[in-house]
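S.K.: This is the structure I want to talk about, given as structure tokens.
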Amino acid sequence: MRDTATVPVAHAPVPLIDLKAQRSRIGAQIEAAIKRVLDHGAYIMGPEVLEAEKRLGALSGAQHVISCSNGTTAMVMALMAWDISRGDAVFVPSFTFTATAEVAPIVGATPVFVDVLPDTFNMDPDSLERAIAVAEQTGLKPRVVIPVDLFGQPADHDAIRSVADKHGLLILDDAAQSFGARYKTKKLGAIADITTTSFYPSKPLGCYGDGGAVFTNNEDWARKLTEVRVHGQGRDRNENMRIGLTGRFDSIQAAVLLEKLAIFEEECEARQTIADRYNAGLAGAVTTPHVRPDCTSVWAQYTISSPRRDKIVAALTAKNISTALFYARPIHTQTPYRGFPVAAGGLPVTERLAQEVVSLPMHPYLAADVQDEIIAAVRAAAL
Ligand SMILES: Cc1ncc(COP(=O)(O)O)c(C=O)c1O
């Protein structure tokens, strides 16, 4: 076999996510939309923000959408609206982006780490049970579970709901990577008590800066979330109802989002076609992602696993093809989180995945010939 490191690279670097390709398609519309905001001058809570909330509600089926400044603040807002604080346990996976766990200590609560399932990489309901038992033994009050819909695919919401109901937990769903995905008959946003998402530029639905949204069907929580978003302000600007923050989405980002929403469903279909091509090409060489038959994924990431992960990364790097290790360092092993409890029995799946996963380039504009080159390189390194 040839040494991949000596093969000349014949193409430009292949990024994990190519936002420039999308911009060459709708750049003119986005620039016109931004100009409209500059012309009307309502930079904060302008008409684009209200329109984006309306469209996000229609797409998700959620009755209330509260747009906000990013996906982390979205979760903080939810915990604040529920008055989660010191002594409360918030159950989170460790195999996720840091923000999921970070929001618990931000409000003074304790994150308790839960393992994930080996096939979907989403929260394991049995491990959640074991984590609740640990929290109770430690004297914490089990209050909230944050199941993440990782890499674009919904968690098993029915299974999480039955554990949550048994223990009186609220469900805050972190759908930062998966807005647009369906679980059984419903879209994310209309399932959990409160759902949040992120419009960070590289997300399947992103803007050109930071942005996020909170979704709920509960009117009382929606009102509290709206208050938290602007310093706890009530209907009367001079009256503060609760402790809040500056959490608003801005009009320029909403204008960008509206243009991207116009092509979002088409882009999700293109992502599915690319995932199908990877699945077919990589079968038998590595473990390809498993999407439950009653769910759809919006493919924020295409993440494979293999004991030969490091060889795969080296082979792709030699060909100027980007990869990412989501997530090579589980959160419970990181310095600020080491003192927090984990589910009884530990997190063996999380720890194995951290050694074996690698995410490949995934975006709606990935050319078939480039994809075939990625597939060939992965197969050669993995077998
Ligand atoms: C799973 C998950 N949760 C939360 C966030 C936080 O979103 P934001 O960067 O908009 O604060 C991210 C963003 O990468 C994420 O991937």
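S.K.: Quick one: is Gly180 crowded, with 24+ Cβ neighbours inside 10 Å, more than 8 Å from the ligand (Cβ to nearest atom) and assigned by TED's automatic domain parsing to the domain that holds Ala33?
M.R.: yes
S.K.: Within the range 208-222, restricting attention to residues that are open to solvent by 30 Å² or more (accessible area, probe 1.4 Å) and within 14 Å of the ligand (Cβ to nearest atom), which residue is farthest from Val256 (Cα to Cα)?
M.R.: Checking each candidate, the answer is Asp210.
S.K.: May I ask you to say which residue of Ser24, Ser60 is within 24 Å of Pro364 (Cα to Cα), of a type in the set (Gly, Ala, Ser) and touching a residue at least 24 places away in the same chain (Cβ under 8 Å)?
M.R.: Ser60
S.K.: Looking at (1) in a helix (DSSP H, G or I); (2) closer than 25 Å to Val76 by Cα, can you tell me which one Arg329 breaks?
M.R.: Here Arg329 meets the rest and fails (1).
S.K.: Let me ask another. Val107 fails exactly one of the following numbered conditions: (1) within 16 Å of the ligand (Cβ to nearest atom); (2) under 29 Å from Glu266 (Cβ atoms). What is the number of that condition?
M.R.: Every condition holds for Val107 apart from (2).
S.K.: Between Thr317, Thr323, Thr288, Thr335, which is over 25 Å from Val92 (Cα atoms), of a type outside the set (Asp, Glu) and without any contact (Cβ under 8 Å) to a residue 24 or more places away in the chain?
M.R.: Step by step, each of Thr317, Thr323, Thr288, Thr335 is checked, and only Thr317 is over 25 Å from Val92 (Cα atoms), of a type outside the set (Asp, Glu) and without any contact (Cβ under 8 Å) to a residue 24 or more places away in the chain.
S.K.: Quick check on the range 278-299: of everything there that is open to solvent by less than 50 Å² (accessible area, probe 1.4 Å) and small (Gly, Ala, Ser), which residue is nearest to Gly206 (Cα to Cα)?
M.R.: Ranking the candidates gives Ser297 first.
S.K.: Applying the selection to the range 164-177, what residues are away from the ligand (no atom under 11 Å from the Cβ), open to solvent by 10 Å² or more (accessible area, probe 1.4 Å) and either polar (S, T, N, Q) or free of Cβ contacts under 8 Å to residues at least 40 places away in the same chain (or both)?
M.R.: Asp165, Lys166, His167, Gly168 - these are the residues of the range 164-177 that are away from the ligand (no atom under 11 Å from the Cβ), open to solvent by 10 Å² or more (accessible area, probe 1.4 Å) and either polar (S, T, N, Q) or free of Cβ contacts under 8 Å to residues at least 40 places away in the same chain (or both).
S.K.: Given the residues Ala32, Ala5, Ala28, which is the only one that is modelled with pLDDT under 95, assigned to a helix (DSSP H, G or I) and away from the ligand (no atom under 16 Å from the Cβ)?
M.R.: Of Ala32, Ala5, Ala28, the one residue that is modelled with pLDDT under 95, assigned to a helix (DSSP H, G or I) and away from the ligand (no atom under 16 Å from the Cβ) is Ala5.
S.K.: For the range 223-251, which positions are open to solvent by less than 10 Å² (accessible area, probe 1.4 Å) and not hydroxyl-bearing (Ser, Thr, Tyr)?
M.R.: Leu225, Val228, Gly232, Gly247, Phe249
S.K.: Does at least one position in the range 300-318 carry a residue that is surrounded by 17 or more Cβ atoms within 10 Å (Cβ to Cβ), outside the structural domain of Phe151 (by TED's automatic domain parsing), of a type in the set (S, T, N, Q) and more than 16 Å from the ligand (Cβ to nearest atom)?
M.R.: The answer is yes, given that some residue of the range 300-318 is surrounded by 17 or more Cβ atoms within 10 Å (Cβ to Cβ), outside the structural domain of Phe151 (by TED's automatic domain parsing), of a type in the set (S, T, N, Q) and more than 16 Å from the ligand (Cβ to nearest atom).
S.K.: Can you tell me which residue is nearest to the chain's Cα centre (by Cα) among those in the range 183-207 that are within 13 Å of the ligand (Cβ to nearest atom) and small (Gly, Ala, Ser)?
M.R.: Here the residue is Ser198.
S.K.: Run down Arg86, Arg55, Arg130 and say which single residue is assigned by TED's automatic domain parsing to the domain that holds Thr197 and either of a type in the set (Val, Ile, Thr) or closer than 28 Å to Leu353 by Cα (or both).
M.R.: Arg130
Conditions (1) β-branched (Val, Ile, Thr); (2) closer than 17 Å to Glu53 by Cβ; (3) touching a residue at least 12 places away in the same chain (Cβ under 8 Å); (4) within 16 Å of the ligand (Cβ to nearest atom), marked per residue:
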{"site": "Asn240", "(1), (2), (3), (4)": "no, no, no, no"}
{"site": "Leu258", "(1), (2), (3), (4)": "no, yes, yes, no"}
{"site": "Leu261", "(1), (2), (3), (4)": "no, yes, yes, no"}
{"site": "Phe264", "(1), (2), (3), (4)": "no, yes, yes, no"}
{"site": "Ala275", "(1), (2), (3), (4)": "no, no, yes, no"}
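S.K.: So, in the range 16-38, how many residues would count as being open to solvent by 90 Å² or more (accessible area, probe 1.4 Å) and among the aliphatic types (A, V, I, L, M)? Steps first, please.
M.R.: So in the range 16-38, the residues open to solvent by 90 Å² or more (accessible area, probe 1.4 Å) come out as 20, 23-25, 31, 35-36, 38.
Keeping just the survivors that are among the aliphatic types (A, V, I, L, M) gives 38.
The number of residues fulfilling the criteria is 1.
S.K.: Now for a separate question. Applying the selection to the range 183-195, what residues are open to solvent by 10 Å² or more (accessible area, probe 1.4 Å), touching a residue at least 60 places away in the same chain (Cβ under 8 Å) and in a loop (DSSP other than H, G, I, E, B)?
M.R.: Lys184, Ala190
The values are calculated or read from the model by the stated rules, or taken from the named source; none is laboratory data. If you're wondering where the values come from, they're calculated on a predicted model, not measured in any experiment. Note that we place each Cβ from the backbone using ideal geometry, even for glycine, and neighbour counts take in every protein chain shown. Side chains included, ligands, DNA and RNA excluded: accessible areas come from the protein's heavy atoms. Shrake-Rupley method; radii C 1.70, N 1.55, O 1.52, S 1.80 Å.
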